[in-house]
2 protein chains.
Amino acid sequence: MIKFRTLAVGLVFAALVISPLAHAEKKYRWRLAETWGPNFPIFGDATKNMAKMVDEMSNGRLKIRIDSANKHKSALGIFDFVRTGQYQMGHSASYYWKGKDINTLFFTTLPFGMTTPEQYAWFYHGGGMELMKETYDQYGIMSFPGGNTGNQMGGWFRKEINSLEDLKGLKMRIPGFAGEVLAKLGASPTNIPPAELYTALERNTIDALEWVGPSLDLRMGFQKIAPFYYTGWHEPATELQFMVNQEAYDELPADLQAILVVAMKTAAYDMYTQSTHESSVNLAEIQEKFPDVKIRSFPKDVMNAIKAENDKLLAEFAAADPETKKILESIEAYSKKARQWTRFSDVAYLENFDSE
Amino acid sequence: MIKFRTLAVGLVFAALVISPLAHAEKKYRWRLAETWGPNFPIFGDATKNMAKMVDEMSNGRLKIRIDSANKHKSALGIFDFVRTGQYQMGHSASYYWKGKDINTLFFTTLPFGMTTPEQYAWFYHGGGMELMKETYDQYGIMSFPGGNTGNQMGGWFRKEINSLEDLKGLKMRIPGFAGEVLAKLGASPTNIPPAELYTALERNTIDALEWVGPSLDLRMGFQKIAPFYYTGWHEPATELQFMVNQEAYDELPADLQAILVVAMKTAAYDMYTQSTHESSVNLAEIQEKFPDVKIRSFPKDVMNAIKAENDKLLAEFAAADPETKKILESIEAYSKKARQWTRFSDVAYLENFDSE
């Protein structure tokens, strides 16, 4: 009997010890839908990097399967996938949802907006995360920075842009808000699926296009058919987006929540680092192998006219919605301060000594 | 007997189940020694941020206690603390160890070196991490990026610098490699403990000093006594350093290793974001409350002379040690490519439109 009792006590003790551990060891299997096709470089690396960190840090307790666009068949369905809980997570870009909610437009980048370091400072210390939460809470979606491309180039042009006249009638693939701005100055912005871009430019269906920057442009081949590569103005710090279904998140234990949030944040920062690398290496390759490509900036008066139209459009948005006004005022006040610092730090530094 | 047997089987089963869990649940208590005093802003936030992420992600299985300099009494003893295993971790800056090993000098920043995004790209994609590992492996220390200050300002000057003549005899607090460079041009670089800096400048014991930038300079009060604030050249991207004792790391299970590495990486990136924020806000405060402070850049010929001396010194280092040569060649080749991209992206962008 003594032996039996000891065993019984032992069992009860074991059960007490096992119980919280067994709970902690519950495994979660999540799915993430991304806007990009399979093996899409850099953007797709960000989701793989995030999922790998989560897997390793959680010792396999949270595994995230990534479905690319070929699988879920709806590149721009990510918002609804996550809202409805069909997928626990998504990877896309906030400005794709402006048709659903205009205020989602401001959490990716804006023409003449902040640089990447400035924008991260705004997100994490200047109220950006809080404003993004206000915008997304009503949809049961948590939104996080999802990786930055760095400054995007102004695009590939078959003809040089010397004056505002050259914008009139210019057929250019430039979707979204920046296209609206150019339309005000007489350009004809269009959107064309990525796979058809090269042919459209080659056959003069369009006169110009913007894609991303050297990091992703090189493999598209535009350098073979467009002699002018313009510096950027319309997407100075494009930040992709991780989305998480709020209910799914709430079901995770606190340590897995922390692991997920840190992994998303790190994958986002890492993508900016990777973009900087790929752009540097690919720009060097373009300059070496395609010496006829001329890198240009738009003339001052063209830039100023574009900026004036941009400011007018933003003022219209702000007048139409008090939440928009609040977000835009936050961005404007913050970027004014941050830009002063950028000018006296990195810009002054780079001007301080002669380049090669 | 049947009951007893069932129990016995149950116990064996319980033991089998508990065993790996109990192992996984082993708790680790680590200590980190940092160069900074207690509550040192930004730098000290990086260690607290890292330890908090580790605690939360590991569900308390790895706790890291932070000892500031007031506790361990040896601000520059961190390298040896970690090498000997007296502390499992340290937080400091690699260039403090150049007296022990000249090659540690190159993993913080260099005069006329890379900007922060360029340098992160070099660390993670350009071979920087591998070269740092080569340098530190022999000491049983793992070294990781530990947080970036962003571009540091050139310093506070009581008199304007108009020519190379003005550097002759200039008494300036500027320690380390940059001080050696200025000495070649006739300046008298000195090092002075932080607590005595203000008085030294006020009483003309020194004519100038560099500290960090607006993020940390504001609270030092230099803006009250030095009218000229010069833009930077000597520390364009100062990266602090996490150090981990290799044996202690090897004893951690794989998931805690992953948690630690990700937390250090994220805390480093986060510090760059925080530095950008604090510098932006504090620069605005300096400009608003101290309108007499003039922000200047050194004249071109002064910068060029400083850069020539800098290049000479680096060439001497490279000639003295093949590993140094290898590291410097890696940095030079990488920064040349990355700088081209920086010029055509952020710099062209910032020049593209009129500032306020």
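None of the figures in this text is laboratory data; all of them are computed from the coordinates on show. These numbers come from a predicted model, not from an experiment. Counting neighbours? That spans all protein chains shown, and the Cβs are built from the backbone with ideal geometry, glycine included.
In peptide A:121-128, what is the residue-averaged number of other protein chain Cβ atoms found within 10 Å of each Cβ?
4
Once the piece of chain linking A:Ala183 and A:Ser163 is laid out straight, how much longer is it, given 0.36 nm per residue of separation minus the C-alpha distance between them?
Separation in residues times 0.36 nm, less the Cα-Cα distance, equals 5.7 nm.
Just the number, please: percent antiparallel of the DSSP beta bridges in the protein assembly as shown, rounded to the nearest 5.
DSSP beta bridges in the protein assembly as shown are roughly 45 percent antiparallel.
Can you tell me, using C-alpha contacts under 8 Å and at least 6 residues apart, the relative contact order of chain B as a whole percent?
It rounds to 22 percent for chain B.
What's log10 of I(q)/I(0) for the protein assembly as shown at q = 0.07, 0.10 Å⁻¹, Debye sum over Cα points only, no solvent?
Each listed q corresponds, in turn, to -0.53, -1.03.
Copy-to-copy spacing for A:Leu76, label 7 Å out on the Cα-to-C-beta vector, in nm, shortest first?
The answer, with the shortest distance listed first, is 6.1 nm.
I'd like to verify something in chain A: which complete DSSP H helices, judged by Cα projection on the helix axis, reach 18 Å or more and average at least 0.0 on the Kyte-Doolittle scale?
Helices meeting the criterion: A:2-24.
Grab every C-alpha pair in region B:233-279, bin the distances at 10 angstrom width from 0 up to the longest one, and report whole percents.
Per 10 Å bin, starting at zero, the Cα-Cα P(r) for region B:233-279 comes out as 22, 41, 25, 12, 1 percent.
For a bin width of 10 Å, list the pair-distance distribution of region A:81-155 built from all Cα-Cα distances, rounded to whole %.
So the P(r) values, bin by bin, are 17, 53, 25, 5.
Give the average, rounded to an integer, of partner chain Cβ atoms located within 10 angstrom of each Cβ in B:159-169.
That works out to 0 on average.
When you count, for each residue, the other Cβ atoms within 10 Å and take the mean per peptide, how do A:119-132, B:255-268, B:124-137 rank with the highest first?
Top to bottom by mean Cβ count within 10 Å: B:255-268, A:119-132, B:124-137.
Hey, any idea what the orientation-averaged projected area of the convex hull of region A:121-224's Cα atoms comes to, in nm²?
Averaging across all directions leaves 8.8 nm² for the Cα convex hull.
Considering just Cα atoms, how many Å³ per residue does the convex hull of chain A enclose?
177 Å³
Would you please state which residues of region A:309-342 a label at A:Gln138 would reach in this model, taking the label point 7 Å out along Cα→Cβ and a backbone N cut-off of under 17 Å?
From region A:309-342, the list is A:317-328.
Enter the per residue convex hull volume of region A:208-356, computed from alpha-carbon coordinates, in Å³ rounded to the nearest integer.
199 Å³
What is region B:117-223's relative contact order, in percent, from Cα pairs under 8 angstrom and six or more apart in sequence?
27 percent
Take region B:280-345, compute every pairwise Cα distance, and split them into 10 Å bins from 0; I just need the percent in each bin.
All Cα pairs, binned at 10 Å, distribute as 16, 24, 31, 21, 8, 0 percent.
Cross-link partners among lysines for B:Lys159, C-alpha distance below 26 Å, same-chain residues fewer than 8 apart left out?
Filter leaves B:Lys168, B:Lys171, B:Lys184, B:Lys224, B:Lys289, B:Lys294, B:Lys300, B:Lys307.
When DSSP beta bridges are limited to those with both residues in chain B, what percentage is antiparallel, rounded to the nearest 5?
Percent antiparallel among DSSP bridges in chain B is about 45.
Okay, which of region B:216-232 sit inside 17 Å, backbone N to the point 7 Å along the Cα-Cβ direction of B:Arg296?
Zone members listed by number: B:223-232.
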